[in-house]
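Read through the structure below, which is laid out as structure tokens, and then see the notes.
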Amino acid sequence: MDNQIRQLRTDKGLSQGQLAEAMGVSRQTINSIETGRYTPSLPLAIALARFFAQPVEEVFHADGAP
Amino acid sequence: MPTAPPDPPQTSPRQPPRRVWESRWWVFGTAVFLGLALLVANWVGGHPGAGVAMLGVMVVFGSVFLVGRRSETIRLMGQPDERWRTIDLAATAIAGLVLILIIIGAFLWELAHGRDGSPYTQLAAISGVTYLAALLVLRWRS
């Protein structure tokens, strides 16, 4: 799943570790989400979107979605 | 210039309550307990030396979880997040699948050599019944 997490994070000047700590997950998990290797759960996706004050659909883009 | 990290957000997803068996002390204690069980079994079986060696291996294994806090991987094994839980689930499924395939292969091997297939017949039955029971329970809960 494509997403804007890396862009939003760097725009805010945060490291992966800082974002991970804020979300209550590991830095590896944030890295995996950013590289598209891991699709987060719905609660985590919503939390990330809220953290960056963005709608979920602006942060995550389902592959092949209309 | 990087901005300061934000205050702890109110948006963090609710993490599931930490379970007892996710504690590094639980892992260490379980390893030592299994090591002692191996020691007793070997002692009763007349191989105390092997028992002591196995206990040593289990203590070292458990100690890795106590002293390996600098490793993110080891730390996550003690305090898993949602990605690690997913990985753990997949790894468990793969291990179970391999085990079942080996049991079926050994069962066929035993049959082909004129034996009754024990104990692989029973192990295969337990695997099948456990799988069906898990399907029913998980379907009921979801």
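Tabulated results
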| quantity | calculated |
| --- | --- |
| Rg/Rg_ref, the range B:21-76, where Rg_ref = 2.2 N^0.38 Å and atoms are Cα | 1.27 |
| Amide H contacts of A:Tyr38 (H built 1.01 Å from N, under 5 Å, at least 5 apart or other chain) | A:Ile33 |
| Rg in Å to one decimal, and Dmax rounded to a whole Å, for the protein assembly as shown via C-alpha atoms | 23.3, 76 |
| Sparse-neighbour loop sites [trypsin sites (Lys or Arg not before Pro); chain A; at most 16 other C-beta within 10 Å; DSSP] | A:Lys12, A:Arg37 |
| 0 to 90° range, to nearest 10: angle between helix A:42-51 axis and chain A longest Cα axis | 60 degrees |
| Shielding score for A:6-15, defined as the mean number of other chain Cβ atoms within 10 Å | 2 |
| Which of B:Thr30, A:Thr35 has the fewest Cβ neighbours within 10 Å, and the rest in rising order | A:Thr35, B:Thr30 |
| FRET efficiency, B:Trp43 to B:Ala91 (Cβ-Cβ, R0 35 Å, nearest 0.05) | 0.60 |
| Likely footprinting exposure, A:Leu19, B:Leu89, B:Leu34, B:Leu123, fewest C-beta neighbours within 10 Å first | B:Leu89, B:Leu34, B:Leu123, A:Leu19 |
| Nearest-20 debye value, the protein assembly as shown charge dipole, Cβ charges on Lys, Arg, Asp, Glu | 440 debye |
| Mean projection area, nm², convex hull over Cα of the range B:82-142 | 4.7 nm² |
| Shielding by other protein chains, A:39-49, mean Cβ within 10 Å | 3 |
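Since every read-out is calculated from the coordinates, none of them should be taken as a lab result. Since the model is a prediction, treat every value here as computed from it, not as a measurement. For neighbour counting, all protein chains shown are included, and Cβ atoms are generated from backbone atoms with ideal geometry for every residue, glycine included.
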